[in-house]
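Reviewing the structure listed below.
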Number of protein chains: 2
Amino acid sequence: MRLSTKAQYAVRAMVSLNLLHDGQPVNLRDIAKREDLSLPYLEQLFVMLRRNEIVKSIRGPGGGYMPARPAADIRVDEIIDSVEETLVPVACMEKGGKCLCSEQCVTRSVWQGLGERIRDFLASITLEELSREARKKLEGFSGEESLTVRKGKEE
Amino acid sequence: MRLSTKAQYAVRAMVSLNLLHDGQPVNLRDIAKREDLSLPYLEQLFVMLRRNEIVKSIRGPGGGYMPARPAADIRVDEIIDSVEETLVPVACMEKGGKCLCSEQCVTRSVWQGLGERIRDFLASITLEELSREARKKLEGFSGEESLTVRKGKEE
DNA sequence: TTATAATTGACAGAAATACTCAGGTATGAT
DNA sequence: ATCATACCTGAGTATTTCTGTCAATTATAA
């Protein structure tokens, strides 16, 4: 039950992008340095992020990437969707999957519920919140319990 | 973000075991037939389930497996723990992992929260509930919305 | 026109997954 | 005792997925 490192990198890269972004497009090289990732690999990620309209690109000298929308409108689950195929925990339930869901398939409801939980949680966090958190940390405010992870949309 | 098929099989096999169990030990061959799994593979799973005290075994002719405890005391997350290494979504946070969690690691809180959500949800479902559900389905009560997946321990 | 930087697709090594197989061991019935 | 049953174990293997590189192309600003 692991999230691919690709998905993890994508989220981190988006935070970096948002922090570095000040109206000007951000060079991937800078993000690669910050996140200690190879440039070609990062490029691969951003192609996918662009296709999914998470970022937009500006080509040529002085070009680079920037968030396609305000950070408050970019959710973590969207970022992950862009680079990873699925948040659905079992294959047969994927759209296009061939789950007959016959009477034997009693565990379906469990996987379905699990998938909803994962989705809901990741959809409850925005890039804006992560960035705010990152800024707080960078300011040397090395808060021990800086982020109380939100347990749900509302409890 | 996929649950291994091994984990899926384990849960299904446990439901089968519990349904077939009537005080007598259950032959793995029967479960293999029911779930359409190879016997050796199923044996592998049950060795792990036994080590984790989810089931107990009785050797010799007429032997087999039975739940180690009342089904109401067996949680789905325990079953999955037994056969799969982890429910923690990122490697560096595994116990024994080497997450320095320095100030850059702003995404840690997200993965931590996600892991807790997954754990909580799977811990909220017992073998007893799954079995009850299965029986209902088997009785031809092909209820469309037979199981409203519980959204949480309590809301 | 030239340098910069995004864009694309093919490909490869490594690791994890999903099994199979060939035995061994304990137990109850005959 | 011994035999059949059924648990138990570990090695091994094919397949897939993951992770990342490389080479080449296209678009644009200076």
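Observations, loosely collected:
- Ascending list, in nanometres, of distances separating the residue B:51 label from those of the other copies (7 Å, Cα toward Cβ): 4.1
- Note that the range B:31-37 has calculated 3J(HN,Hα) couplings of 5, 4, 5, 4, 9, 6, 10 Hz, one per residue in order, obtained from phi through the Karplus relation 6.51 cos²θ - 1.76 cosθ + 1.60 (θ = phi - 60°); glycine and proline are x.
- Peptide A:2-14 - average C-beta neighbours from other chains (10 Å radius): 4
- In loop segments of the range B:1-101 as defined by DSSP, there are no chymotrypsin sites (Phe, Trp or Tyr not before Pro) with at most 13 further C-beta atoms inside 10 Å of their C-beta.
- Reduced Cα scattering model of the range B:1-95, Debye log10 I(q)/I(0), q = 0.12, 0.21 Å⁻¹: -0.37, -1.02
- Residue A:91 versus residue A:4: modelled label distance in nm, points set 7 Å from Cα along the beta carbon direction: 1.5
- Chain B comes nearest to the axis taking it onto chain A at the Cβ of one residue; that residue and its distance, in whole Å, are B:117, 3.
- ³J(HN,Hα) computed for each position of the range A:3-14 - Karplus, 6.51 cos²θ - 1.76 cosθ + 1.60, integer Hz, glycine/proline x: 7, 5, 5, 4, 5, 4, 4, 4, 5, 5, 5, 5
- The range A:1-74 versus the range B:24-73: alpha-carbon centroid distance in Å: 49
- Ranked from shortest, the separations from the 7 Å Cα-to-Cβ label point of residue A:91 to its equivalents in the other copies are 2.2 nm.
- Taking 7 Å steps out from each Cα toward its Cβ at residue B:57 and residue B:123 produces label points 2.9 nm apart.
Coordinate-derived values only; no laboratory data. Only a predicted model underlies this, so the values are computations on that prediction, with no experimental measurement involved. Because the Cβ atoms are built from the backbone with ideal geometry, glycine has one as well, and the counts that use them run over all protein chains shown.
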